[in-house]
1. Compute the relative contact order of the chain as a whole-number percentage, counting only Cα pairs closer than 8 Å that sit 6 or more residues apart in sequence.
2. Rounded to the nearest 0.05, what FRET efficiency do Asn375 and Ile35 have when you use their Cβ-Cβ distance and R0 = 25 Å?
3. On a 0 to 90° scale, report how tilted helix 322-339 is relative to the longest principal axis of the chain, with both axes built from alpha carbons and the result rounded to the nearest 10.
4. Taking the Cβ of Gly343 as the center, what net charge do the other residues with Cβ under 15 Å away carry, scoring Lys and Arg +1 and Asp and Glu -1?
5. Rank Leu268, Ile171, Met359 by how far each Cα sits towards the positive end of the charge dipole of the chain (+1 on Lys, Arg Cβ; -1 on Asp, Glu Cβ) and give me just the farthest.
6. Separation between the Leu209 and Arg227 pseudo-spin-labels, each 7 Å from Cα along Cα→Cβ, expressed in nm?
7. For the pair Ser338/Ala235, report the inter-label distance in nm, with labels modelled 7 Å from Cα in the Cβ direction.
8. With θ set to phi - 60°, apply the Karplus curve 6.51 cos²θ - 1.76 cosθ + 1.60 along the stretch 184-189 and write out the HN-Hα couplings as whole Hz, x wherever there is a Gly or Pro.
Amino acid sequence: MSKRFVSIFSLLVIASMALAACGGGAAPLECTDAIGCVEVAAGEPIHLAYMLTVSGATATLGDDSLGGIRVALNDRPDVLGHTVELTGEDEGCSAEGGQTAGTKVAADPSVVAIVGTNCSGAAFAALPAISEAGMLMCSSSNTNPGLTDPEGGWLPGYYRTAHNDKFQGRIAAEFAYNELGARTAATIHDGSPYAQALQQVFAETFAALGGTVTFQGAVNVGDTDMRAVLTTVAADTPDILYYPIFEPEGNFITAQAAEVAGMENTILMGADGLLADTFPENSGENVVGMYLSGPYVTGATYDDFLAKWAEVIGGVPPSGFHAFAYDCTNMILDAIESVAQQGSDGTLLIGRQALRDAMTATAGFDGLTGSLTCNEYGDCATGEALAVFQITEAELNGGWPPAAIWTP
């Protein structure tokens, strides 16, 4: 071998070593995912979005979930060497708001995953665009059974840590029949997928237990005078009235029930849509003594979370789904960590189908709300994190939250 050839060969070896040292020899990341990938460049944040109700009478629900997301991100400021950027849309707790929010978020290809929506009606409207875009969405408070029913509205990419109302409607009816001794019941809903499904599960369970359902009626979102429907309810003097709706309609029913003859001895009961710190003060004296079914989380880990909330957000959570939003966020971040391809320069390539598959495969996740295992249609909760609460003078006068008085 000539000296000249050896010299050239040596230079080539040195050059190849230099390229390898600076990453030049590394194979580029390649997306082979069936529905595409999100590329996160070196030094750029991972983009998460929320779709929550953060304005109007239901803003308490959105603020509550948003706080849970922010506590989770405060706990995990770095994911695979990247910060996390959070942007959001107001879904307004309506189908129209959900469709608008879903269309906007789905149009942004940098969004890796979404926490939301709060309201089931908004979810049904947002999901087509989100699913078609290949995105993943995890809800902290959607409870309508159809969202995780392949025959009822489920679409790929949907998950929830919130309980299915098949659980909540059942435990509310069991409490009314077995604990309160109610034998007749009436229900009122507001036409929303959430309220309509929940009151139906309540009514069917109550009847199966041996009770009589005297009336199932509805009000419209935006109604303020509830006396006509309450007069119809009162005609049969039911033992209990179950109205799983939102503010402000729930406030008007609660206050005006005191004005209707025949309602004097009827027990009032709502659900998690009214489990908000604004509900007692907006309803007045007649709220004292009424019951609410809704999410219930307890334990030392949850106490630690509340301390973080006080530090990061301030005060106490205003509604009941903050822990579920915290769990959604951490499950998404875990899924990202498990599937992202990492380039030598810090670039990430996140497969959208791979991300969905990782969420579906979640099993035994140790969350604030319990041990979470997702099924193929996105139900990840067991329904165990539920209780019945009773409103007292303390809540009417600004205290929050009410005490849980019964757990199933």
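1. Numbers: 876 pairs, mean separation 79.8, N = 408.
Computed value for the chain: 20 percent relative contact order.
2. 0.75
3. 20
4. Numbers: positive: none; negative: Glu30, Glu39, Glu44, Asp345.
Every neighbour counted, the sum reads -4.
5. Met359
6. About 3.3 nm, to one decimal.
7. 5.5
8. After applying 6.51 cos²θ - 1.76 cosθ + 1.60, I find 10, 9, 10, 10, 9, 10 Hz.
None of the figures in this text is laboratory data; all of them are computed from the coordinates on show. What you see is a predicted model, and the numbers here were worked out from it, not measured in a lab. Cβ sites come from the backbone with ideal geometry, for glycine too, and all protein chains shown count toward neighbours.
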